[in-house]
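Working notes for the structure below.
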Amino acid sequence: MPQILEGVPVRTQILNGLKPRVARLSRPPGLAVILVGDDPASGQYVRNKIRACAELGVHSEKLTPPASTTTEELLKAIETLNHRPEIDAILVQMPLPPHIASRKVLEAVAPDKDADGFHPVNVGHLVAGRPAPRACTPAGIIELLKYYRIPIDGRKAVVVGRSDIVGKPMALMLLAENATVTICHSRTANLAEECRAADILIAAIGKPALITADFIAPGATVIDVGISRISDAAEAERLGKAEDFAKNGTAWVGDVHPIGVRRVAAAYSPVPGGVGPLTIAMLMTNTVNLAERHLGVS
Ligand code: NDP
């Protein structure tokens, strides 16, 4: 059986490390979250983020404009938050309704209040290796690898997926840790062969169980970022998720085949319970880092 890279102990360690830093500050760090409309999944993500703030002693504010809000109204709200000194970090919950110019909205957040690290200025800092807020999910994966002492330096890492929020920043963060990095995507020829060359394989695709055992080199570390809901009993059964399905009427599965990976990998992060718990911990890390910077604490 491979080593299971559980996210919860890593999250606990990260949050425990932040608590004394928050306590030392002259005021609580402040995070503002903008949630447009009433998408239930986004609503749940935002509730989880606000709860994490409360547990850590971070001041949080939630703005909830209706789905009919305009790009201009959002830009105005962000401008106000940009100028409020007690707000250190601003998060715009994605996705925004289709009539909103999402890129314009994300780029309106002041780079030094960019809770998610998505602003092009901060992406530039990542490329240049300078300190700045980092995209939370890939930053959490680096923490996961380090916690479990998976060597990165000099290893061959393959990232499947090139999105702005996971794949691309993931590749840059692995490069900064001295991995030799390959990025794959939907146009990659011979995906299985590319993946089999990996010491560390990161799957951030959004296609359930696409990465089967024949994509994985014996002894590799496999990090599964994808999360998809399975609502077909037979498929859940095929993927070894019959028990979850019987209990919940649905099952969560990653991009990596959960049975296949166990036969080949030396270590892997499960779905759920692997990468997922780390994303909010890294949001808290970005928020505390920004508060320290704003308050002149080094
Ligand atoms: P996107 O849809 O933005 O990107 C998916 C990427 O996968 C694209 O680069 C796409 O290639 C590539 N891809 C799609 N199909 C294939 C294929 N058949 N072969 C190879 N590559 C393929 O997704 P995200 O990056 O936002 O998210 C990826 C997954 O991670 C999703 O399941 C999402 O739910 C999950 N996620 C989980 C988080 C967590 O906290 N656990 C946080 C964020 C995301 P191309 O560019 O060519 O189209």
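Nothing in this text is a laboratory measurement; each read-out follows from the coordinates by a stated rule. Treat the numbers as computed from the prediction; the structure is a model and nothing was measured. Cβ placement follows ideal geometry from the backbone for every residue including glycine, while neighbour counts extend to all protein chains displayed.
Of note:
- Dipole magnitude of segment 154-200, debye to nearest 20 (Cβ charges: Lys/Arg +1, Asp/Glu -1, about Cα centre): 60
- Under 11 Å, Cβ to Cβ, from Tyr147 - net charge with Lys/Arg +1 and Asp/Glu -1: +1
- Here the mean projected area of the convex hull built on the C-alpha positions of the chain is 15.7 nm².
- The dipole here belongs to the chain: it is taken about the Cα centre, uses +1 on the Cβ of Lys and Arg and -1 on the Cβ of Asp and Glu, and is about 500 debye.
- Rounded to two decimals, the Cα-based Rg/Rh of segment 26-111, with Kirkwood Rh, is 0.96.
- Between Asn190 and Ala213, the simple spin-label model (points 7 angstrom out along Cα→Cβ) gives 2.3 nm.
- Shape analysis of segment 136-278 based on the Cα gyration tensor places the equivalent ellipsoid semi-axes at 25, 15, 14 Å, largest first.
- Exposure proxy order (Cβ contacts within 10 Å, fewest to most) of Ile14, Ile202: Ile14, Ile202
- Projecting the Cα atoms of Val181, Gly254, Leu145 onto the charge dipole of the chain, computed from C-beta unit charges around the Cα centre, puts Leu145 farthest toward the positive end.
- Each other residue within a Cβ distance under 12 Å of Val225 adds +1 if Lys or Arg and -1 if Asp or Glu, for a net charge of -1.
- Cβ-derived FRET efficiency at R0 25 Å, Val127 paired with Met94, nearest 0.05: 0.70
- Residue order, fewest to most surrounding Cβ atoms within 10 angstrom, among Ser228, Ser60: Ser228, Ser60
- Computed [θ] at 222 nm, deg cm²/dmol, the chain (DSSP H ≥ 4; -39,500 (n - 2.57); rounded to nearest 500): -12500 deg cm²/dmol
- Packing-based exposure ordering (other Cβ within 10 Å, fewest first) of Leu239, Leu210: Leu210, Leu239
- Put simply, the amide H of Leu63, placed in the peptide plane, has neighbours under 5 Å in Val33, Ile34, Leu35, leaving out anything fewer than 5 places away on its chain.
- Segment 38-168 - convex hull of the alpha-carbon atoms, volume per residue in Å³: 140
- Förster radius 30 Å - calculated FRET efficiency between Ile259 and Asp153, Cβ distance, rounded to 0.05: 0.45
- Euclidean distance between Cα centres, segment 146-166 to segment 213-275, Å: 19
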